[in-house]
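K.L.:
Dropping a structure here in structure tokens format, bear with me for questions.
The values are calculated or read from the model by the stated rules, or taken from the named source; none is laboratory data. Here the structure is a predicted model, which is why all the values come from computation and not from measurement. Cβ coordinates were reconstructed from backbone atoms using ideal geometry, including for glycine residues, and neighbour counts include every protein chain displayed.
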Amino acid sequence: MSTARLLVDDLTPAQLDQLCVNTIRTLSMDAVQQANSGHPGTPMALAPLVYTIWNRVLRFDPQNPIWSNRDRFILSNGHASMLLWSVLHLTGTQAVNADYETVGKPSVSLDDIRRFRQLDSKAPGHPEYHWVSGVETTTGPLGQGVATSVGLAIGEKWLAHRYNRPGFEIFNYNIYAVCGDGCLMEGVASEAASLAGHLGLDNLCWVYDNNHITIEGSTRLAFTEDVETRFLAYGWNVLRVGDANDLDRIESALKIFHKTKDRPTFIVLDSHIGYGSPHKQDTAAAHGEPLGDEEIRLAKRSYGWPEQAKFLVPEGVYEHFAAGIGARGAEARRKWMQLFEAYRAKYPDLAGEIELLERRELPPGWDRNLPVFPADSKGIAGRDASGKVLNVLAQNIPWFLGGSADLGPSNKTTLTYSGAGDFQSDDRGGKNLHFGIREHAMATIVNGLALSKLRPFGATFFIFSDYARPAIRLASLMELPALFVFTHDAMGDGEDGPTHQPVEHLASLRLIPGLITLRPGDANEVVEAYRYIMQLRHQPALLALSRQPLPTLDRTKYASASGVAQGAYVLADAPDGNPEVIIIASGSEVSLVVQVHETLLAEGIRSRVVSMPSWEIFDRQPQAYRDSVLPSNVKARVAVEQASTSGWERYVGSSGSVIGMHTFGASAPLKELQRKFGFEPDQVVLAVKQQLDRK
Ligand SMILES: Cc1ncc(C[n+]2csc(CCOP(=O)(O)OP(=O)(O)O)c2C)c(N)n1
Ligand SMILES: [Mg+2]
């Protein structure tokens, strides 16, 4: 059958379905061939799945891809991105701008697909949130998409619990994630699946492309476990569809998902990578390289497709999508808008909240009652100050929530005020999330919550940020306002020793573009750090907080902590504002250098102390401000930070000196570590004098 030559009116519904499926397949093959790069085999295999989900099931209005109650579709095997570009194109999904407005342009045009993987094309190599409308989360690093889907599912449950009212189901959307062998081999997916099972997230459905192929060949090489039994053990409902080309059976499985209560659904879909390619089907060769012109011709022949046609969208295909997802999505959104209008009339405050959070804005009074800490030489630990702030913010901002990877009592991140609650299967309104000891999944879930437009935080020891790093990087790439609260930020872990003492973490996290790192120097800086972070709408931030008490500086004597909003500020200055040496510090070293400053003043040395909690914030200040804090004529400079020294030369110059960590730490009481590693007043004074050549 040469379907493209048939008149649309002559096609049976099944033939029309097939025409659409084959359009996805051939667009994918042609795009990869044209780019001479990409992954054709999985789109060829999964076109029927993606077609069925999108055209028969998904509640998504292509006219408005950010409608808040839309179903979410995640392509966790992001290398198969042509699946997504094909359906976004064929459904006529509209582009949305940064102000959340549709702009009258398709999200992905046929021209974008022709320019797959080329600069500025809206069909890049992997799905990129923020770059292409209709992409719900960035995928490509295997495992991230499915793990993030758990955050989206938690987000939906939380939103539904808070905002739905009898007769007003404002939130009742589902989350579909498609993944392959790679995703399921990755630990993060297991962590997330375990938690999803525990939480009974019945709004979540993963479809596993069980094709037995990865890059190196058969999964027999490295992946022979019983995946189905594993998911049963996690508490998921496990279904199997034995033929990836059977649209009706796929649809039936999805219907079972809709009916399944109290547990997530896992559908094993047996498929053939490179389906239809006579020489490459079921081989790793179909995974990651163009099929070649001749093989494409043969595959097209097997689909009954015009062999020479390229980027062909036969007559009737756009219309069939318009009649399917287009009509269904538009109707669902229209009804929802009506419902929401009635809801707004009845529950104006709740409707107002939804509108605020959708725009990532904060409610009025979000920062009322933030603590102000009086001067205190004994002081308070960064983590304790943080705990107080978190408890205020969580009461002021209904949709601010989070938790720790089993370190709540140590991170001081537990929300303890009355009514805060624990998010569990029997309490969807709880604001304390218990991630268990799953740092990586925690960070992906935090991302998923931020994608749900909630304001989430996740916490652990700073050292274990390594376990979460891939997701932190994605938060930054996606421009999500996710917050990571890391405590035990330096040697303060003392006796726990080098396995628990971060050294290179600050430096390495500072390298992630767009990520804001903040290491506040005292309790009031902690408050100001939160004040800054909460106002971010499109950037993730992390806090590195001390375990041990830090003196609370006397802000009548020293500058206000509001300087945190500039990233670095002059905390204490030479009497005439004309310093001969500048000492820069962050976190626990700020009070140390303030002490040094007082000693130097008494000796007649004109020092300036700069507290620098955040390089990134400082770097974005106007040049004039930066020059006023670090005047270029003052070359004598010392930076003190209990972390790798890497990068500090940027602020101290090539002749400046940096007191930091050059080795791992050690297991000992903090005082001894401070002596051993040079974080004592005398050693800083010595460095200053060396800078001034006054030993
Ligand atoms: C974390 C991570 N590691 C490695 C890769 C490189 N990679 C891309 S696809 C792939 C194989 C994936 O196999 P599978 O998920 O079974 O996909 P299929 O070939 O069946 O589509 C690998 C190793 C990656 N994208 N992410
Ligand atoms: Mg595979």
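K.L.:
Filter region 37-55 for residues that are of a type outside the set (Phe, Trp, Tyr) and more than 12 Å from ligand 1 (Cβ to nearest atom); which is surrounded by the most Cβ atoms within 10 Å (Cβ to Cβ)?
P.N.:
Across region 37-55, the extreme among qualifying residues is ALA47.
K.L.:
Continuing with the same structure: Going residue by residue through region 61-80, is there one that turns out to be in a helix (DSSP H, G or I) and more than 24 Å from the chain's Cα centre (by Cα)?
P.N.:
No, because not a single residue in region 61-80 is in a helix (DSSP H, G or I) and more than 24 Å from the chain's Cα centre (by Cα).
K.L.:
Oh, and also: PHE257 - would you say it is away from ligand 1 (no atom under 16 Å from the Cβ) and assigned to a helix (DSSP H, G or I)?
P.N.:
Answer is yes for this residue.
K.L.:
Find the residue count for region 363-399, including only residues that are farther than 21 Å from HIS161 by Cβ and of a type in the set (A, V, I, L, M).
P.N.:
The qualifying residues number 8.
K.L.:
Pairs needed: first member in region 195-214, closer than 10 Å to TRP236 by Cβ; second member anywhere, within 13 Å of ligand 2 (Cβ to nearest atom); C-beta distance under 7 Å; at least 6 residues apart or different chains.
P.N.:
From residues that are closer than 10 Å to TRP236 by Cβ, the pairs are TRP206/CYS179.
K.L.:
Restricting region 257-306 to residues that are within 23 Å of ALA177 (Cβ to Cβ), among the β-branched types (Val, Ile, Thr) and within 16 Å of ligand 2 (Cβ to nearest atom), which is surrounded by the most Cβ atoms within 10 Å (Cβ to Cβ)?
P.N.:
Once the filter is applied, the top-ranked residue is ILE273.
K.L.:
Against the condition at pLDDT 95 or above, within 20 Å of the chain's Cα centre (by Cα), farther than 20 Å from HIS488 by Cβ and surrounded by 18 or more Cβ atoms within 10 Å (Cβ to Cβ), how does LEU356 come out, does it pass?
P.N.:
no
K.L.:
If you don't mind, another one. Restrict the check to region 174-185 and report whether at least one residue is within 14 Å of ligand 1 (Cβ to nearest atom), under 17 Å from the mean Cα position of the chain (by Cα) and buried (at least 24 other Cβ atoms within 10 Å of the Cβ).
P.N.:
yes
K.L.:
Among strands (runs of 3 or more DSSP E) lying entirely in region 371-437, which contain 2 or more residues that are within 20 Å of VAL527 (Cβ to Cβ)?
P.N.:
So the answer is 376-381, 400-404.
K.L.:
Right, something else. Mind counting the residues in region 346-402 that are within 19 Å of LYS412 (Cα to Cα) and of a type in the set (Gly, Ala, Ser)?
P.N.:
Here the count works out to 8.
K.L.:
On the basis of being hydroxyl-bearing (Ser, Thr, Tyr), part of a helix (DSSP H, G or I) and either closer than 25 Å to SER425 by Cβ or free of Cβ contacts under 8 Å to residues at least 12 places away in the same chain (or both), does THR148 make the cut?
P.N.:
yes
K.L.:
Could I ask something else about it? When you scan region 530-635 for strands (runs of 3 or more DSSP E) that lie fully inside it, which ones turn up with 2 or more residues that are of a type in the set (A, V, I, L, M)?
P.N.:
541-545, 569-572, 581-585, 607-611
K.L.:
Here is a check on your reading of the model: is LEU119 closer than 27 Å to ILE250 by Cα and either assigned to a loop (DSSP other than H, G, I, E, B) or touching a helix residue (DSSP H, G or I) at 6+ places or on another chain (Cβ under 9 Å) (or both)?
P.N.:
no
K.L.:
For region 577-598, give me each residue that is of a type in the set (S, T, N, Q) and surrounded by fewer than 23 Cβ atoms within 10 Å (Cβ to Cβ).
P.N.:
ASN578, SER591, GLN595
K.L.:
Still on this structure, please answer the following. In region 186-214, how many residues are within 16 Å of ligand 1 (Cβ to nearest atom) and among the aliphatic types (A, V, I, L, M)?
P.N.:
Qualifying residue count for the region: 6.
K.L.:
I'd like to check something: does region 6-26 contain any residue that is at pLDDT 95 or above, within 16 Å of ligand 2 (Cβ to nearest atom) and buried (at least 19 other Cβ atoms within 10 Å of the Cβ)?
P.N.:
Within region 6-26 (the criterion being at pLDDT 95 or above, within 16 Å of ligand 2 (Cβ to nearest atom) and buried (at least 19 other Cβ atoms within 10 Å of the Cβ)), the answer is no, since none of the residues qualifies.
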